[in-house]
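Below: one structure, written as structure tokens.
The values are calculated or read from the model by the stated rules, or taken from the named source; none is laboratory data. Quick caveat: nothing in here was measured; it's all calculated off a predicted structure. Quick reminder, even Gly has a Cβ in these numbers, built from the backbone with ideal geometry, and neighbours come from all protein chains shown.
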RNA sequence: GGGUGGAUGACAGAGCGGUCAAUUGUACCAGACUGUAAAUCUGGCGCCUUCGGGCUACGGGGGUUCGAAUCCCUCUCCACCCA
């Protein structure tokens, strides 16, 4: 079973094809985020037009609403959201981070070896997420790429805590692996035309020894004893790199971890990022990324435009950020970006796009396209 | 013609003797956003300022009071009711 076929490599940069049960994706690729089973503002046709080949759904959010049982009844997430391409589901590990440490008790997360106790922020109802539960939900959703449940420690984070955390993430990963392959084996018939892929997540905060330790632990599990193929994980993710740490640390982490990972398996940098971060990561040998920046920032009126007047990502500061809601664009009848040939830039002016904000509940096509 | 209730910052709308340059929402201005509790959040939003404060303001005018957006008189306009 070939998951990632490398087509071309230049320096550390990789170009390839990732095979999933719902189709092949060209790497490197970006995953637009569809947390609750929809990429905000875009329907599947528009998503494809924009070049998306895969989307990312979230286990935690879909568990709470509408529930994985309901999605399964609907025929799986693909059918439910009318997206036939591949779907990657995040495990809920990020929510361990993003919902933890909040002051209100209502949404507090309580962590233990067994799992994470969550509360639905909207009504306070308790939920207990475990590695097994996360995989169970992702399988029910019909995900193509399943992520292990991890703990994403915050930044700053002491070495002591990061070490304990990464060790638990390894044990959780082990449990995910065992549960996943048991379920896949139990349902051979269902997966005869291809099973979902299972990715582990390297943690270890900003510490070199811990990052290396995390990668080694995950790679050196006794996979056969855990009931899966000896080849182990279908892909490797690097997590905990977009939680407020200095930019340079992210580069270091890639430098440390990537050489350890097997060549023929996809590498996924979770939660990134800004344009220059993506460029750097691709050049370092990363195959996949996801981030809320394109969808969220655009929804908030923030746009990236080419800075130098040329599309040249090799220039140091190749883009700049503008806020389309700024008063200075009121009578600016030029396109959002002169050097862009996308639908929005071809057809609409800055003044017009500005005018459409913030009546967002009636956003017409011009804005919907622009906000990916 | 008679009666009643109103007029507050761009708009809506609180306040009903001092702690009011005036709650709040919207609009407006600026910023933030990295595996989405985010169509969210933060800050600003009368004028001037050496950032201590100063000035002008709650329909117009006049009064009462140490003190008025708040009480009284009057004018203007608006709404509703009766003829």
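Of the candidates A:96, A:39, the single residue that is touching a residue at least 12 places away in the same chain (Cβ under 8 Å), touching a strand residue (DSSP E or B) at 6+ places or on another chain (Cβ under 8 Å), surrounded by 14 or more Cβ atoms within 10 Å (Cβ to Cβ) and assigned to a loop (DSSP other than H, G, I, E, B) is A:39.
The requirement of being within 9 Å of RNA strand B (Cβ to nearest atom) and either in contact with a strand residue (DSSP E or B) (Cβ under 8 Å, 6 or more places away or on another chain) or within 19 Å of residue A:199 (Cα to Cα) (or both) is fulfilled somewhere in region A:78-88, by at least one residue.
Might you check whether a residue that is touching a residue at least 40 places away in the same chain (Cβ under 8 Å) and within 16 Å of RNA strand B (Cβ to nearest atom) occurs anywhere in region A:17-29? Yes, there is a match, as at least one residue in region A:17-29 is touching a residue at least 40 places away in the same chain (Cβ under 8 Å) and within 16 Å of RNA strand B (Cβ to nearest atom).
Residue selection: residue A:283 fails the criterion of being part of a helix (DSSP H, G or I), within 14 Å of RNA strand B (Cβ to nearest atom) and under 27 Å from the mean Cα position of the chain (by Cα).
Scanning region A:286-309 for residues that are more than 8 Å from RNA strand B (Cβ to nearest atom), surrounded by 19 or more Cβ atoms within 10 Å (Cβ to Cβ) and not in a helix (DSSP H, G or I) yields A:286, A:287, A:288, A:289, A:303, A:304. Of the listed requirements (1) in contact with a strand residue (DSSP E or B) (Cβ under 7 Å, 6 or more places away or on another chain); (2) within 12 Å of RNA strand B (Cβ to nearest atom); (3) touching a residue at least 24 places away in the same chain (Cβ under 8 Å), residue A:144 misses just one: (2). Within region A:258-280, restricting attention to residues that are more than 15 Å from RNA strand B (Cβ to nearest atom) and closer than 19 Å to residue A:86 by Cβ, the residue that is surrounded by the most Cβ atoms within 10 Å (Cβ to Cβ) is A:265. Filtering A:339, A:312, A:321 for residues that are over 20 Å from the mean Cα position of the chain (by Cα), near RNA strand B (Cβ under 8 Å from one of its atoms) and either part of a helix (DSSP H, G or I) or surrounded by fewer than 19 Cβ atoms within 10 Å (Cβ to Cβ) (or both) leaves a single hit, A:321.
Looking at region A:48-69, can you tell me whether even one residue there is assigned to a helix (DSSP H, G or I), under 23 Å from residue A:192 (Cα atoms) and touching a helix residue (DSSP H, G or I) at 6+ places or on another chain (Cβ under 9 Å)? Looking through region A:48-69, at least one residue is assigned to a helix (DSSP H, G or I), under 23 Å from residue A:192 (Cα atoms) and touching a helix residue (DSSP H, G or I) at 6+ places or on another chain (Cβ under 9 Å).
When we screen A:16, A:75, A:85 for residues that are loosely packed, with under 15 Cβ neighbours inside 10 Å, modelled with pLDDT of 95 or more and out of contact with any helix residue (DSSP H, G or I) (no Cβ under 7 Å at 6 or more places or on another chain), the only hit is A:75. For region A:245-263, the set of residues classified as at pLDDT 95 or above and not in a helix (DSSP H, G or I) consists of A:261, A:262, listed by residue number. Among the conditions (1) in a loop (DSSP other than H, G, I, E, B); (2) closer than 20 Å to residue A:115 by Cα, residue A:233 misses just one, which is (2). Report yes if residue A:179 is modelled with pLDDT of 95 or more, at negative phi, away from RNA strand B (no atom under 15 Å from the Cβ) and assigned to a loop (DSSP other than H, G, I, E, B), otherwise no. It is false that residue A:179 is modelled with pLDDT of 95 or more, at negative phi, away from RNA strand B (no atom under 15 Å from the Cβ) and assigned to a loop (DSSP other than H, G, I, E, B). For region A:99-111, a residue qualifies if it is more than 11 Å from residue A:151 (Cβ to Cβ) and at pLDDT 90 or above, and exactly one does: A:110. Set side by side, the residues A:140, A:116 differ, and just one is over 19 Å from residue A:169 (Cα atoms), surrounded by 16 or more Cβ atoms within 10 Å (Cβ to Cβ) and at pLDDT 90 or above, which is A:140.
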